[in-house]
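Reviewing the structure listed below.
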Amino acid sequence: AKPRYRLRLWSPPCGCLASQAMSKLEMIVKQRRLDVAEAKTRVAAEALRARVAAAAPPNDFAAVLSKSGPMALLAEMKRASPSKGDIAPHTDAAQQGLTYALAGACTISVLTEPSWFKGSLDDLARVRAALVAGGLGEEVCVLRKDFIVDEYQLLEARAHGADTALLIVAALSAAELSSLMAFSRSLGMEPLVEAANEGEMRVALDAGARVIGVNNRNLHTFEVDMTTTSRCAALVPSGSSVRLLALSGVATRSDVTALADVGACGVLVGESLMRADSPAGLARELLGLPPPRALCKVCGVRDAETAAAAAKAGADLIGVILAPSKRQVSVGEAAAIVAAVREARPRPKGWALPRFPQRAAPAP
């Protein structure tokens with residue numbers, strides 16, 4: 001019998017061997033172009049435009065960076081990467097994003113590339129929804145971090161709640177970069193333009209980028225060189241209003257201060273935060289903030305008088321036991337305890353319990 005052959009135009013990264021002549025960036029960009037073509041067959045651009053028109057206006061990314069000085073923190077939701085493999089594959093995007101924001105991050109960067117980074121547009125939407133539910137929707141920006149090569153992806157970003165989107169100089173021609181920057185701004189999103197060397201920095205500046213992120217990681221080899229930021233920063237004209245961010249390789253407060261010394265006004269941190277035992281603690285450390293104070297919980301409270309006394313004394317949490325126990329209280333007694341605490345410590349105006357949107361069901 002004759003052998004049978006099956007032709008595959010492009011294989012996803014898992015289980016395939018790419019040509020050595022093709023860099024990792026080129027592999028990813030090639031796949032994303034195929035992904036975009038497929039996405040357009042499922043959701044028309046007109047449908048995305050309708051969602052954008054009905055959505056609240058995006059936050060001003062550049063203004064948020066300015067208000068977050070002297071150093072802004074862009075904290076990243078990243079489950080995996082081509083260079084490190086799985087980092088935190090089961091992390092809930094909404095909870096992680098809200099944790100970052102409450103710790104002081106001014107922008108939540110969300111990886112939406114599915115094959116190498118295990119992200120999704122659902123992650124983006126859920127982070128935006130969690131920020132809104134937590135009362136931070138107008139204070140914290142959401143960045144779509146992806147390999148954007150088409151206006152359609154910018155429509156997707158805005159339709160799913162992004163305030164800004166990443167445009168990578170190395171993945172685009174000068175004409176494509178200028179066109180995508182203009183389209184992003186037409187949607188109200190000031191883009192984050194990424195450069196990874198001096199040549200790309202000049203391209204970003206010539207294109208009129210207002211926010212430039214210097215990637216200390218070479219996207220062709222994925223090697224990190226922390227001096228890249230200082231070399232690119234030297235090209236920013238004196239007195240320029242360009243905001244310079246440092247991307248990749250940041251893990252400690254000393255990294256942040258060193259980057260501030262060479263002209264960066266913010267840092268984007270992903271892997272270190274995703275691997276941290278306490279992402280909130282590391283975020284505060286990177287920002288030079290003191291650790292949050294310890295919380296005090298009084299457990300097993302059985303009556304309203306004790307609950308009120310604990311609240312007035314400064315307790316942060318009060319516990320009651322509804323399950324069978326020596327300290328079990330009835331529903332009525334629990335309601336009286338809650339009322340006593342509310343009277344002793346009224347909630348601030350506008351307070352709301354954060355609600356995490358449900359994760360979308362996997363496609364069949």
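A Stokes-Einstein calculation at 20 °C with viscosity 1.002 mPa s, built on the Kirkwood radius of the range 116-171 over Cα pairs, returns a diffusion coefficient of 182 µm²/s. Loop exposure criterion: chymotrypsin sites (Phe, Trp or Tyr not before Pro), DSSP state outside H, G, I, E and B, at most 16 other Cβ atoms within 10 Å. Applied to the chain, the longest stretch between such sites is 11-221.
Pairs with C-alpha atoms separated by more than 18 Å, drawn from the list LYS118/LYS145; LYS67/LYS145; LYS78/LYS118; LYS40/LYS78; LYS67/LYS349; LYS40/LYS118, are LYS67/LYS145; LYS40/LYS78; LYS67/LYS349; LYS40/LYS118. Surface exposure of the chain, expressed per residue as accessible area with a 1.4 Å probe, stands at 51 Å². Mean projection of the Cα convex hull over all viewing directions, computed for the range 32-111: 7.8 nm². Looking at the range 66-175, the trypsin sites (Lys or Arg not before Pro) that sit in a DSSP loop and have at most 15 other Cβ atoms within 10 Å of their own Cβ are LYS84. Considering the range 138-294, its Cα convex hull presents a mean projected area of 10.3 nm². Straight-line cross-link partners of LYS312 among the aspartates and glutamates, defined as a Cα under 14 Å from its Cα and at least 8 positions apart when in the same chain: GLU343.
Here the dipole of the chain is about 980 debye; that uses its Cα centre as origin and unit charges on the Cβ of Lys and Arg (positive) and Asp and Glu (negative).
In the range 178-232, a dipole from Cβ-located charges (positive for Lys and Arg, negative for Asp and Glu) runs towards its positive end, and of GLY188, ALA209, THR227 it is GLY188 whose Cα lies farthest in that direction. Applying Stokes-Einstein at 25 °C and 0.890 mPa s to the Kirkwood radius of the range 176-257, computed over alpha-carbon pairs, gives a translational diffusion coefficient of 184 µm² s⁻¹. Normalised Debye scattering of the chain at q = 0.08 Å⁻¹ gives log10 I(q)/I(0) of -0.47, counting only Cα atoms as equal scatterers and leaving out solvent.
Computed over the chain, the per-residue total of -39500 (n - 2.57) for DSSP H runs of n ≥ 4 gives a 222 nm mean residue ellipticity of -11500 deg cm²/dmol, rounded to 500. Computed in the context of the full set of protein chains, the accessible area of the range 217-360 at 1.4 Å probe radius has 56% of its extent on carbon or sulfur. Applying the Kirkwood pairwise sum to the alpha-carbon positions of the range 239-357 produces a hydrodynamic radius of 18.3 angstrom. Excluding same-chain neighbours fewer than eight residues apart, the lysines reachable from LYS326 by a Cα-Cα span under 24 Å are LYS297. Which one, LEU286, VAL269, TYR100, projects farthest toward the positive side of the charge dipole computed for the chain from Cβ point charges (K/R +1, D/E -1)? Result: TYR100.
The values are calculated or read from the model by the stated rules, or taken from the named source; none is laboratory data. What you see is a predicted model, and the numbers here were worked out from it, not measured in a lab. All Cβ positions, even for glycine, are placed from backbone atoms using ideal geometry, and neighbour counts span all protein chains on display. Calculation scope for accessible area: heavy atoms of the full protein, side chains included, ligands and nucleic acids excluded. Shrake-Rupley method; radii C 1.70, N 1.55, O 1.52, S 1.80 Å.
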